[in-house]
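Asker: Quick one: this structure, given as structure tokens, is what I'll be asking you about.
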Amino acid sequence: MKYKLGDFVRFVDEKLEGFITRIIDEQMIGVTVEDDFEIPVPAAKVTLVHGYKPPGTEIISAGDKPSIPVSEFKTKGIYIGVVPDVKANSVVHFHLINDTSFQLLATFTTDKQGFKGEYAGIIAPTSSAKVYSAQLADLQIWPKVLINVLYFTQQNIEAPSPLTFAEKFKAKDFSGSKKSLPVINQQGWQIRLDEPELVIDAEKLKESFFQSAEEKITLTKPGREIDLHIEKLRDDFQFLNSAEMLKIQLAHFNKSLDAAIVHQLPDVIFIHGAGNGTLRHELQKILSKHPKVQTFMDAQKEKFGYGATKVVLK
């Protein structure tokens, strides 16, 4: 297979072009065209569009640097950054990020009923390389990943022992919010490969023994409209099942309702969407029994339809 996920291709027999978002087998691929519709097509019936470079295909490098003072030499900071493709959101790219002052000799291999080398190369200090791409929806069947790293520097600094990482990624690895990744400055999920050394602050440890068991809880004043759509609450919502989504939405609802009561808001609107009505039903069940709720009703039907509930507080 000469193609890979994220490649921009043009159909041979039709005036269509798009991004490869699925490798079906050695002969068939899935191409997502402009209207976000994925079309299965024989690999022989498309051709690469020359001149297009998918985001992340270039090595990002700071270039040659002079010797770094020992006090400024960074020995930690190796990550896998998983970034959605800008054009084909169903595809994610794996970047091996070197935020250290060492040169890295790195290999990236997948293990799924046999080993397959995906990348081998030298990654300069404060630089990165795209090493792999995958279909996000296929997370559960992603292969095990094997990464080996050797450190090198010409400076008079001892290099760490070779780093080996062997894991099969799971949904929990993407349960947190996306963040700005070091070096590449793109939004994505970050998995650290070299854990920083644990430094224990003796004074803070001592203070912790004398802390009161009661902690002051601070509730931030909420807005008058609170959106409970799961995509507004979690970046990793595509990895959650319906029960997990509902649990997160209800937790945010309860916290926001408590905050509205603490800050003595007269009313607040919860935007839950129409959907199948499950979330709306659960909210109204809680509101009907809440001692601080005076009444509740559908909010501004001309604006929200039946997708929001207005709560009037006592």
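The values are calculated or read from the model by the stated rules, or taken from the named source; none is laboratory data. Everything quoted here is computed from the prediction, not taken from an experiment. When we count neighbours, we look across all protein chains shown, and the Cβ atoms used for this are built from the backbone with ideal geometry, even at glycine.
Asker: Which of the residues that make up the stretch 179-226 are modelled with pLDDT under 65 and within 30 Å of S128 (Cβ to Cβ)?
Answerer: Once the filter is applied, which keeps residues that are modelled with pLDDT under 65 and within 30 Å of S128 (Cβ to Cβ), the stretch 179-226 yields P196, E197, L198, V199.
Asker: Filter the stretch 153-169 down to the residues that are farther than 13 Å from D194 by Cα and of a type in the set (F, W, Y) and list them by number.
Answerer: Scanning the stretch 153-169 gives a single hit, F169.
Asker: Also: Here are the criteria: (1) exposed (fewer than 12 other Cβ atoms within 10 Å of the Cβ); (2) modelled with pLDDT of 85 or more. Tell me which single one T126 does not satisfy.
Answerer: (1)
Asker: How many residues does the stretch 262-286 hold that are surrounded by 18 or more Cβ atoms within 10 Å (Cβ to Cβ) and part of a helix (DSSP H, G or I)?
Answerer: 3
Asker: While we're looking at this one, here's another question. Would you mind telling me which numbered condition in (1) at pLDDT 85 or above; (2) in a loop (DSSP other than H, G, I, E, B) P40 fails?
Answerer: (2)
Asker: Quick check on the stretch 77-89. Is at least one of its residues over 23 Å from the mean Cα position of the chain (by Cα) and of a type outside the set (S, T, N, Q)? Talk me through it step by step, then tell me what you get.
Answerer: Start the filter on the stretch 77-89 by keeping residues that are over 23 Å from the mean Cα position of the chain (by Cα), which leaves none.
Within the stretch 77-89, not a single residue is over 23 Å from the mean Cα position of the chain (by Cα) and of a type outside the set (S, T, N, Q).
Asker: Still on this structure, please answer the following. Yes or no: D99 in the same structural domain as D138 (by TED's automatic domain parsing), among the acidic types (D, E) and at pLDDT 85 or above?
Answerer: Numbers: in the same structural domain as D138 (by TED's automatic domain parsing): yes; among the acidic types (D, E): yes; at pLDDT 85 or above: yes.
So D99 fits the description; yes.
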